[in-house]
């Protein structure tokens, strides 16, 4: 980690214009880890200046998502008036919603205007478009030409359109925690817009003021903000603010290395929560996106990450979202859950599906299906046949086209007889009882129709394990139903 001596204060500053993005969750994790490593403060700030798109429901989704991940913030807004826990972390650095900080921004805007470091621009959209096209025609990168820069009085018949910052020309340099030395040419920016008016500040200005007022020491965010950093540094210098350190994380990419999108994976954290992923698996997965541990380990708890996570081992290139890796991690964490924990969670899931069962029966099924499960929410889709009679086409009972109906019926009848005559129906006993029939007819010829009769599926756990779980009576009933299907000449 970078050397730090001062009081560490980092921030997560999302806009509540959509559900918590998986990329934002990753940025939250890195900031939280950095704060915990240095006994620092993790600040949550809501950038809700987009009044049309910002919604309280998205704020709530953000709060719930961070808590689900185990990333409690030290300072931030209250979720609701009755949220005593969150109200307790409001401090003198608040309020923590930008919509409640208008007077603070206005104070600094007036200061820049009074000092001649900002000005009102009267150029209309049409004026700016004409200027842009003229510059493009000359092969120049478009930027504002500074037409209103030195106007001291409001032109007759003109209304202020925006407030612009007088961008100094020259090189802007800073050392990025991840990317090293960075340099930008200020002459390429033009005079940037920092507010629509005194009551409506825009992102670069508001974020710069907030970072100063909230004493943010390190700004750790996605590389999509890299182009904003030099502009914010210029505003900091103009106002005499202390410059925080910056670190820009690589973006999360699709497998084809395009920017992460719903074409390849769910982008909202809530979608992974609803699908039954465990918070420990998601945290572990997010940490590994673009970060390489110093050894071959891949399993890291939050506590482990506080000790091990290091900016020096974060790659600069984009991090590919690997769904297979996430599923592998999920299965690894599922292994750590006790049968009792899984049973309690599945009882609730089944209850919501109006499926009633007893715990002992459910525990048997869990032990059978556990290796096939990625998430608990998948349980009913893969193991539903244990709780209801399976529905399937009689054609599925045929293992190979060369198999005839009479042979399949005979095998199923013999299977029923074996089950009926077995004193015990544990898998080991059943394997011994079925050995002679399997040796004679072939493994596939026996177990395939048996599997389908019991589960209605082409892929299922070992049919003998299913018999053990269902019991003699239910297993015999299902096999007889399969024979009836065949006798009905449905083929």
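Assuming 0.36 nm per residue, please report the length gained on full extension of the stretch residue 327 to residue 431 beyond their Cα-Cα distance. The partial results should precede the final answer.
On the way: separation 104, 0.36 × 104 = 37.44 nm, distance 3.23 nm.
Stretched fully, the residue 327-residue 431 segment lengthens by 34.2 nm.
I'd like the FRET efficiency for residue 130 and residue 487, computed as 1/(1 + (r/R0)^6) with the beta carbon distance as r and R0 of 51 Å, rounded to 0.05.
Numbers: r = 84 Å, r/R0 = 1.64.
Step by step, r from the Cβ atoms, then E = 0.05.
Using a Förster radius of 51 Å, what is the FRET efficiency between residue 389 and residue 72 based on their Cβ-Cβ separation? Nearest 0.05, please. Mind showing how you got there, number by number?
Numbers: r = 47 Å, r/R0 = 0.93.
It comes out at approximately 0.60.
In deg cm²/dmol, rounded to 500, what helix-only [θ] at 222 nm does the chain give when every DSSP H run of at least 4 residues adds -39500 (n - 2.57) and the total is split over its residues? Please report the intermediate quantities before stating the final value.
Working: 19 runs with 219 residues, N = 491.
Result for the chain, helices only: -13500 deg cm²/dmol.
Could you rank the peptides 340-352, 112-124 by their average count of other C-beta atoms within 10 Å per residue, with the highest value first?
Details: 340-352: 14.4, 112-124: 16.5.
Highest mean packing first, the order is 112-124, 340-352.
Using only the Cα atoms of the stretch 269-338, each taken as one equal point scatterer with no solvent, compute I(q) by the Debye sum, divide by I(0), and report log10 of the ratio at q = 0.16, 0.23 Å⁻¹.
Debye curve over Cα of the stretch 269-338, log10 I(q)/I(0) at q = 0.16, 0.23 Å⁻¹: -0.57, -1.11.
Which of 399, 68, 32 comes first, and how do the rest follow, when ranked by fewest Cβ neighbours within 10 Å? All intermediate terms of the calculation are to be shown ahead of the outcome.
Details: 399 20, 68 17, 32 25.
Fewest-to-most ranking of 399, 68, 32: 68, 399, 32.
Show me 266-278, 205-217 ranked by packing, highest mean number of other Cβ atoms within 10 Å first.
Taking the mean over residues of other Cβ atoms within 10 Å, the ranking is 205-217, 266-278.
When a footprinting reagent is the concern and you count Cβ atoms within 10 Å, what order do 398, 446 take, fewest first? Mind dumping the intermediate values first?
Values: 398 18, 446 23.
The order, fewest Cβ neighbours first, is 398, 446.
How big, on average over all directions, is the shadow cast by the Cα convex hull of the stretch 134-279, in nm²? Intermediate values should be presented prior to the final figure.
Values: hull surface 56.1 nm².
Average of the hull's projected areas for the stretch 134-279 equals 14.0 nm².
Any idea how far the Cα center of the stretch 318-387 sits from the one of the stretch 254-303, in Å?
19 Å
Using a basic spin-label model with each label point 7 Å from the Cα along Cα→Cβ, how many nm lie between residue 353 and residue 60?
Placing both labels 7 Å beyond Cα along the Cβ direction yields 2.7 nm.
Limiting things to C-alpha atoms, what are the Rg and the maximum Cα-Cα separation (Dmax) for the stretch 339-382, in angstroms?
Gyration radius and largest Cα-Cα distance of the stretch 339-382: 9.4, 25 Å.
Working out 0.36 nm times the residue gap between residue 315 and residue 459, then minus their Cα-Cα distance, what length gain in nm do you get to one decimal? Numbers along the way, then the final one.
Details: separation 144, 0.36 × 144 = 51.84 nm, distance 4.08 nm.
Result: 47.8 nm gained on full extension.
Based on alpha-carbon positions alone, could you give the equivalent ellipsoid semi-axes of the stretch 117-199 from the gyration tensor, as √(5λ), descending, whole Å? Walk me through the numbers on the way to the answer.
Numbers: eigenvalues 150, 61, 22 Å².
Gyration-tensor ellipsoid for the stretch 117-199: 27, 17, 10 Å.
Give the calculated FRET efficiency between residue 423 and residue 401 to the nearest 0.05, with a Förster radius of 51 Å applied to their Cβ-Cβ distance. Let's see the in-between values first.
Details: r = 38 Å, r/R0 = 0.74.
For R0 = 51 Å, the calculated efficiency reads 0.85.
Take the stretch 226-301, compute every pairwise Cα distance, and split them into 10 Å bins from 0; I just need the percent in each bin.
14, 30, 29, 20, 7
Would you kindly calculate the translational diffusion coefficient of the stretch 435-491, applying Stokes-Einstein with the Kirkwood radius from alpha carbon pairs, for 37 °C and a viscosity of 0.692 mPa s, and quote it in µm² s⁻¹ without decimals?
Details: Rh = 11.9 Å.
My calculation gives 277 µm²/s for D.
Largest first and to the nearest Å, give the Cα extent of the stretch 389-488 along each principal axis.
Each principal axis gives a Cα extent; for the stretch 389-488 these are 32, 29, 22 Å.
Between residue 339 and residue 367, 0.36 nm times their residue separation minus their Cα-Cα distance comes to what?
Values: separation 28, 0.36 × 28 = 10.08 nm, distance 0.78 nm.
Result: 9.3 nm gained on full extension.
Label-point separation (nm) for residue 295 and residue 149, each offset 7 Å from Cα along Cα-to-Cβ?
Computed distance between label sites residue 295 and residue 149 equals 5.8 nm.
How far is it, in nm, from the label point at residue 7 to the one at residue 213 when both lie 7 Å from their Cα along the line to the Cβ?
So the label points at residue 7 and residue 213 sit 1.8 nm apart.
Along each of its three principal axes, how wide is the spread of alpha-carbon positions in the chain, in whole angstrom units, largest first?
Projected onto the principal axes, the Cα atoms of the chain cover 102, 51, 44 Å.
Rule-based calculations on the coordinates, nothing more; no lab input. Bear in mind the structure is a predicted one, so any value in this text is a computation, not a measurement. Cβ atoms come from the backbone with ideal geometry, glycine included; neighbour counts cover every protein chain shown.
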